[in-house]
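Enquirer: Structure below; questions to follow.
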Amino acid sequence: MSHSEVPPPPGIWSVPAWTGRNLAARDELLAEIGRTLAKRGIAPLCGLGGTGKTKLAIEYAHRNAGAYDTVFLIDGQSTEAMDAAFVALATEMRLPEQEIQDPARAVAAVRSKLGRRGRWLLLFDGVREPSEVDPYVPSVSFGGHILMTSQNPIWRGLTTVTVRGIERAESVSFLLRRTGETDAEAANALAEELGDLPLALAQAGAYIEETGRPLAEYLALFRQRPAALLERPVSFPVTVATTWESALAAVFTHQAAAELLSLCSFLPMDAIPRRALNEYDPLALDDAIAMLRLHSLIEVRPHALSVHRLVKIVVRNQLRRDDRRQWMEAARRILQAAGRASPGADEEREGRTEPDAG
């Protein structure tokens, strides 16, 4: 179906508008969502904050609106928000008044009614922990579907859809389209710096649009002051710097996870070999990795770990100066032991010139 052929919404509909102009066409991911829902009835979309999970879920709902009679978006970040959403949905479904007045009864009534029929889609957005949403999930035995977005990739036996950055060609196309420029070389270099993260690309496009700064100049400025630009433009509703705030706050209450993420932030390679971390207690290392995975702040590959380059920038900027020096030195020791170059000029420069967040 083309972007212009969006069917009319169903009878009950609470999904934000979709213009058909998402930052990138993500047809393969949309097809994977469709296959997962057809097979299991439930599809958690998992990935780092800023990868566009919510936009993807909304696009899926619009593209497939004709398959459903009820499509309802639910804030999945707290039980209070989910209670309120189910009261609103019970009202839309015209359930008896006594079922609507009490949130617990509204949840039970909606689950019961939806669980006995198909042609409905619930979207739980921003789920922190799968167990928190379990009491709200209707049976999908009769053909109902549930989409969830979460930074947590651990879903106990459910097939998850992993949402990462977009393809480089689409990053470049977006930046050129958004800025009206033709400098593909600068757009490609900026997309590389931004790790093809949709939120960061959208932010950069908005900043360039607001300031009139050419792409090549924005690229040079980003290389000098990346952490500062990840907080701009001020008019932007959610920035890269703010979208990870709660995840990083949680991680920095966990000593082992905070230490691992701080160290990784000064290691320049995209894939950090596990053997480079041999000096760490293996159980403490596993605990730290598990904590970071809860927020998709680290990806585990065979024999290696990966941290998004923008996460590294934000973390380095949040560290106190003394801590920066400590982790830069620890990274240097690891790189020297592996026969690799020390942390690069970017890391050295940020340790000196970015604002001290300590």
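Enquirer: For the chain, report the accessible area per residue in Å² (1.4 Å probe, heavy atoms, rounded to an integer). Numbers along the way, then the final one.
Expert: Working: 16760 Å² over 358 residues.
Roughly 47 Å² per residue, with all protein chains present.
Enquirer: Spin-label point model (7 Å from Cα, Cβ direction): what's the Asp322 to Ala338 distance in nm?
Expert: 2.8 nm
Enquirer: Would you be so kind as to identify all helices of the chain, as entire DSSP H runs, whose Cα atoms reach 30 Å or more along the helix's own axis and whose mean Kyte-Doolittle hydropathy is at least 1.6? Spell out each step's value before the answer.
Expert: Working: long enough: none.
Helices meeting the criterion: none.
Enquirer: When N counts the residues of the range 165-244, how does its alpha-carbon radius of gyration compare numerically with 2.2 N^0.38 Å, as a ratio? Can you show the working numbers first?
Expert: On the way: Rg = 11.1 Å, N = 80, 2.2 N^0.38 = 11.6 Å.
Output field value: 0.96.
Enquirer: If you don't mind, there's one more thing I want to ask. As an exercise, use a Förster radius of 45 Å and the Cβ-Cβ distance of Ala290 and Ala169 to find the FRET efficiency, rounded to the nearest 0.05. It would help to have the intermediate numbers written out before the result.
Expert: Details: r = 35 Å, r/R0 = 0.77.
Efficiency at R0 = 45 Å is approximately 0.80.
Enquirer: Which order do Leu197, Leu23 take when ranked by solvent-accessible area (1.4 Å probe, heavy atoms of all protein chains), largest first? All intermediate terms of the calculation are to be shown ahead of the outcome.
Expert: On the way: Leu197 0, Leu23 30 Å².
Result of the area sort, largest leading: Leu23, Leu197.
Enquirer: Order of 315-326, 56-67 by packing, highest average Cβ count within 10 Å first? Show your work: numbers first, answer last.
Expert: Details: 315-326: 18.1, 56-67: 20.7.
Listed from highest to lowest mean packing, they are 56-67, 315-326.
Enquirer: Report the calculated FRET efficiency for Glu231 and Gln98 (r = Cβ-Cβ distance, R0 = 56 Å), to the nearest 0.05.
Expert: After rounding, the FRET efficiency stands at 0.70.
Enquirer: Give a quick list of chymotrypsin sites (Phe, Trp or Tyr not before Pro) in the range 196-292 that DSSP marks as loop, anything other than H, G, I, E or B, with at most 16 other Cβ atoms within 10 Å.
Expert: Working: sites: Tyr207, Tyr218, Phe222, Trp244, Phe252, Phe266, Tyr280; in loops: Trp244, Phe252, Phe266, Tyr280.
Those that pass, being in a loop and sparsely packed, are Phe252, Tyr280.
Enquirer: What is the ratio of the Cα radius of gyration of the range 27-148 to 2.2 N^0.38 Å, where N is its residue count, to two decimals?
Expert: On the way: Rg = 13.9 Å, N = 122, 2.2 N^0.38 = 13.7 Å.
Ratio of Cα Rg to 2.2 N^0.38 Å: 1.02.
Enquirer: Let me ask something else about it. Please report, in Å, the Rg and the Dmax of the range 100-230, where both are computed over Cα atoms only.
Expert: Radius of gyration, then largest Cα-Cα span, for the range 100-230: 21.5, 59 Å.
Enquirer: Once you have a ≥ b ≥ c as the square roots of the Cα gyration tensor eigenvalues for the chain, tell me rounded if a/c is under 1.5, and otherwise prolate or oblate according to whether a/b is larger than b/c.
Expert: Numbers: a/c = 2.23, a/b = 1.56, b/c = 1.43.
Prolate, since a/c reaches 1.5 and a/b exceeds b/c.
Enquirer: Here's another thing I want to ask about it. How large are Rg and Dmax for the range 194-281 when calculated on the C-alpha trace, in angstrom?
Expert: According to the Cα coordinates of the range 194-281, Rg and Dmax are 16.1, 51 Å.
Enquirer: Can you compute the label reach from Arg40? Point 7 Å from Cα along the Cβ direction, backbone N cut-off under 15 Å, restricted to the range 118-133.
Expert: Correct set: 124, 130-131.
Enquirer: State to the nearest 20 debye the size of the charge dipole of the range 34-133 about its Cα centre, where the only charges are +1 on K and R beta carbons and -1 on D and E beta carbons. If you can, show how the numbers build up before the last one.
Expert: Working: 14 positive and 12 negative charges, 143 e Å.
It comes to approximately 680 debye.
Enquirer: With Rg and the Kirkwood Rh both taken from Cα atoms, where does Rg over Rh land for the range 135-204?
Expert: Taking Rh as the inverse mean 1/r over Cα pairs, Rg/Rh reads 1.21.
Enquirer: Distance from the Cα centre of the range 33-110 to that of the range 120-190, in angstrom?
Expert: With the range 33-110 and the range 120-190 each reduced to a Cα centre, they are spaced 15 Å.
Enquirer: Let me ask something additional. Excluding same-chain residues fewer than 8 positions from Lys113, which aspartates and glutamates have a Cα within less than 19 Å of its Cα?
Expert: Of all the aspartates and glutamates, those that pass the test against Lys113 - Cα under 19 Å, at least 8 places apart if same chain - are Asp69, Asp83, Glu92, Glu97, Glu99, Asp102, Asp134.
Enquirer: Quick one: with all protein chains in place, what share of the accessible area of the chain is carbon or sulfur, to the nearest percent (1.4 Å probe)?
Expert: C and S atoms contribute 50 percent here.
Enquirer: Taking 7 Å along the Cα-to-C-beta vector as the label spot, tell me the Glu217-Glu181 distance in nanometres, rounded to one decimal.
Expert: Rounded to a tenth, the inter-label distance reads 1.0 nm.
Enquirer: Considering only the chain, what is the antiparallel percent among its DSSP beta bridges, to the nearest 5? Numbers along the way, then the final one.
Expert: Values: 5 of 24 bridges.
Antiparallel bridges: around 20 percent, rounded to the nearest 5.
Enquirer: Taking square-rooted eigenvalues a ≥ b ≥ c of the alpha carbon gyration tensor, is the range 277-325 rounded, prolate or oblate, where a/c under 1.5 means rounded and, failing that, a/b exceeding b/c means prolate? Before the final figure, lay out the partial values.
Expert: Values: a/c = 2.01, a/b = 1.37, b/c = 1.46.
The shape class here is oblate.
Enquirer: At Glu245 and Ala31, where each label point lies 7 Å from the Cα along Cα→Cβ, what is the point-to-point distance in nanometres?
Expert: 4.0 nm
Enquirer: For the range 238-342, what percent of Cα pairs sit more than 21 Å apart?
Expert: Numbers: 1567 of 5460 pairs.
Tail fraction, whole percent: 29.
Enquirer: Another question, then. Taking the Cα centre of the chain as origin, sum charge times position over the Cβ atoms of Lys and Arg (+1) and Asp and Glu (-1), and report the length of that vector in debye to the nearest 20. Write out the running numbers ahead of the final one.
Expert: Values: 41 positive and 46 negative charges, 134 e Å.
The dipole magnitude comes to about 640 debye.
The values are calculated or read from the model by the stated rules, or taken from the named source; none is laboratory data. Because the structure is a prediction, the values reported are computed rather than measured. In this analysis, Cβ positions are derived from the backbone assuming ideal geometry, glycine residues included, and neighbour counts consider all displayed protein chains. To get the accessible areas, we keep the full protein, side chains included, count just its heavy atoms, and leave off ligands, DNA and RNA. Shrake-Rupley method; radii C 1.70, N 1.55, O 1.52, S 1.80 Å.
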